[in-house]
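Note sheet for the following structure.
The values are calculated or read from the model by the stated rules, or taken from the named source; none is laboratory data. Everything numeric here is computed off the predicted structure, so don't read it as measured data. Neighbour counts run over all protein chains shown; Cβ positions are idealised from the backbone, glycine included.
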Amino acid sequence: MIQRLKEDIRKLLKERKAIMLSHNYQRDEIQEMADLCGDSLGLSMAAAKTDAKVIVFCGVHFMAESASILSPDKTVILPRMDAGCPMADMITPEKLLREKERYPGVPVVTYVNSTAEVKALSDICCTSANAVSVVRSLPQERVLFVPDMNLAHYVSRFVDKEVIPYRGFCPTHHLLRPEEVLEWKERYPDALFVCHPECRPEVVDLADHVCSTSGMYSFAKETKAKRIIVGTEMGILYRLRKENPDKEFILPSQSLICPNMKLTTLEDVLEALEKMENVVYVPEGVREPAKKALDRMLSIPRD
Ligand code: 13P
Ligand code: SF4
């Protein structure tokens, strides 16, 4: 049954000249099937470069929007239109305009976990993989950082600038508590703790390494530690375990699951490819300024 489903998807991907991209938090079977898995930065770069006609984006809405902004000549399909990002929805264009009025002349750095309309009002975008470099690249002494206050706090540790945070957060990462990490550290004193910068500062304080989802794959491969406590969404475990069978990966909290990232199933991918209906399109008036902010980010080397 599942084999048949995969064959049908493969056949349609070929027929439609489509590429299937998956974020590192997607269900195991989606990651396994995808042509490319990655973090937000890697997937944006792949979307900008591919010569496929269609991009099937297994992730959440803002990611498909970014793909469409960077590749306007391609059809970008989001298998589940209801896969959103609560953090992205915490800032609207109206709210951002109010912030800009409060801080005239201060450049706006926008985490890619945001809508196209918000990106369009921003000076530059960033991802968790390049946020520090992006903020450093700006000549100003102060930046307004939206929407993730935890990532803003993390960046402020590394730059000689004032990073003014907006009060958004990722409900999944924000739920991880330092006590939960400490409990596991006590149980396994030999274990290292790696976490995503979307975690709250008290959790980041406990980390041996802080990085984007893709950064975690490199860290897991390179470290000599045999046990790693992982402070990010559980989807990351699939590849971590597959690529490092000799190491143990521990999820410190059962709350590390993003319901939106888990919506997409293989059945949804097949249906999306059959119907070609769930097209994510960004109107030109929004696309152009949003692309400027994304292009500016893509011109900066990774941290
Ligand atoms: P990265 O994969 O860029 O680290 O992003 C994490 C995330 O929360 C995406 O929704
Ligand atoms: Fe949004 Fe957090 Fe889910 Fe990523 S993990 S899509 S930031 S809610």
Picked from the stretch 18-66 (must be among the polar types (S, T, N, Q) and within 16 Å of ligand 1 (Cβ to nearest atom)), the residue surrounded by the most Cβ atoms within 10 Å (Cβ to Cβ) is SER66
Scanning the stretch 184-199 for residues that are in a loop (DSSP other than H, G, I, E, B) and in contact with a Phe, Trp or Tyr (Cβ under 8 Å, 6 or more places away or on another chain), the one surrounded by the fewest Cβ atoms within 10 Å (Cβ to Cβ) turns out to be ALA191
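Out of the residues in the stretch 232-251 that are in a loop (DSSP other than H, G, I, E, B) and within 21 Å of the chain's Cα centre (by Cα), which is surrounded by the most Cβ atoms within 10 Å (Cβ to Cβ)? Explain how you work it out, then say what you get.
Step one: filter the stretch 232-251 for residues in a loop (DSSP other than H, G, I, E, B), giving 232-233, 244-247, 251.
Going one step further and asking which of them are within 21 Å of the chain's Cα centre (by Cα), we end up with 232-233, 251.
Values: THR232: 27, GLU233: 23, LEU251: 19.
Across the stretch 232-251, the extreme among qualifying residues is THR232.
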Per the filter on the stretch 252-271, residues part of a loop (DSSP other than H, G, I, E, B), away from ligand 2 (no atom under 11 Å from the Cβ) and either over 20 Å from the mean Cα position of the chain (by Cα) or under 30 Å from TRP184 (Cα atoms) (or both) are PRO252, SER253, GLN254, SER255
In the stretch 35-93, anything over 20 Å from ASP268 (Cα atoms) and among the polar types (S, T, N, Q) is listed as SER40, SER44, THR50, SER66, SER71, THR92
| task | Please work out if GLU32 is under 27 Å from CYS211 (Cβ atoms) and more than 16 Å from ligand 2 (Cβ to nearest atom). | result | yes
Of (1) within 16 Å of ligand 2 (Cβ to nearest atom); (2) in contact with a helix residue (DSSP H, G or I) (Cβ under 9 Å, 6 or more places away or on another chain); (3) not in a helix (DSSP H, G or I), ILE229 satisfies every one except (1)
* To do: Answer yes if at least one residue in the stretch 169-178 is crowded, with 17+ Cβ neighbours inside 10 Å and either of a type in the set (Lys, Arg) or under 29 Å from GLU288 (Cβ atoms) (or both), and no otherwise.
  => yes
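How many residues does the stretch 67-112 hold that are out of contact with any strand residue (DSSP E or B) (no Cβ under 8 Å at 6 or more places or on another chain) and within 16 Å of ligand 1 (Cβ to nearest atom)?
Going through the stretch 67-112, the residues out of contact with any strand residue (DSSP E or B) (no Cβ under 8 Å at 6 or more places or on another chain) turn out to be 69-70, 72-73, 80-86, 88-89, 92-95, 97-98, 101-102, 104-105.
If we keep only those that are within 16 Å of ligand 1 (Cβ to nearest atom) as well, we get 70, 80, 82-86, 88-89.
So the answer is 9.
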All conditions in (1) at pLDDT 95 or above; (2) assigned to a helix (DSSP H, G or I) are true of SER214 except (1)
For the stretch 249-294, the count of residues that are under 28 Å from ILE236 (Cα atoms) and without any contact (Cβ under 8 Å) to a residue 40 or more places away in the chain equals 4
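Determine whether LEU97 is in contact with a Phe, Trp or Tyr (Cβ under 6 Å, 6 or more places away or on another chain) and modelled with pLDDT of 95 or more.
On the way: in contact with a Phe, Trp or Tyr (Cβ under 6 Å, 6 or more places away or on another chain): no; modelled with pLDDT of 95 or more: yes.
Here the answer is no, as LEU97 does not meet what is asked.
Among the residues of the stretch 9-29 satisfying the criterion of being in a strand (DSSP E or B) and of a type in the set (A, V, I, L, M, F, W, C), which is farthest from ligand 2 (Cβ to nearest atom)? Walk me through how you get there before you give the answer.
Step one: list which residues in the stretch 9-29 are in a strand (DSSP E or B), which gives 18-23.
Now restrict to residues that are of a type in the set (A, V, I, L, M, F, W, C): 18-21.
Working: ALA18: 23, ILE19: 21, MET20: 18, LEU21: 15 Å.
Among those that are in a strand (DSSP E or B) and of a type in the set (A, V, I, L, M, F, W, C), it is ALA18.
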Listed by range, strands (runs of 3 or more DSSP E) wholly within the stretch 63-137 having at least 2 residues that are within 16 Å of ligand 2 (Cβ to nearest atom), touching a residue at least 40 places away in the same chain (Cβ under 8 Å) and not basic (Lys, Arg) are 108-111, 124-126
